[in-house]
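Structure, as structure tokens:
The values are calculated or read from the model by the stated rules, or taken from the named source; none is laboratory data. Please read these numbers as outputs of a predicted model, since none were measured by experiment. So basically every Cβ, Gly included, is an ideal-geometry build from the backbone, and we count neighbours across all protein chains shown.
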């Protein structure tokens, strides 16, 4: 609390991100896929980038080793179907938080009820 109260200005720096879409899927042959920031780069404003990448790794590794899928291609396709849903939700949350934080009326003190 003391740190936030002691800061009088907030320095804004540009963030790098790209929207989650299926464009990259059509430009590569199976059985190749992407995980983490390579698949769904997002701003840090939800604090979920690493967690999303770890979830990618968990789902993909389970799909490749659990014996449920008849081919690597099917395992990857299932992973990508799931990833495009949860990563989009996380990207949307991150974008909403970023928009709020860059608003002229934003205040960490108000956000944290200080």
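Between 75, 46, 57, which is touching a helix residue (DSSP H, G or I) at 6+ places or on another chain (Cβ under 7 Å), farther than 30 Å from residue 5 by Cα and surrounded by 12 or more Cβ atoms within 10 Å (Cβ to Cβ)? Lay out the reasoning, then the answer.
On the way: 46 fails: farther than 30 Å from residue 5 by Cα; 57 fails: touching a helix residue (DSSP H, G or I) at 6+ places or on another chain (Cβ under 7 Å).
The match here is 75.
Please verify whether residue 64 is surrounded by 12 or more Cβ atoms within 10 Å (Cβ to Cβ) and at pLDDT 85 or above, treating the condition exactly as stated. In short, yes.
Tell me which residues, restricted to region 78-91, are in contact with a helix residue (DSSP H, G or I) (Cβ under 9 Å, 6 or more places away or on another chain) and either at pLDDT below 90 or farther than 16 Å from residue 31 by Cβ (or both). Talk me through it step by step, then tell me what you get.
Here is the first cut: in region 78-91, the ones in contact with a helix residue (DSSP H, G or I) (Cβ under 9 Å, 6 or more places away or on another chain) are 78-80, 82-84, 86-88, 90-91.
Result: 82, 84, 86, 87, 88, 90, 91.
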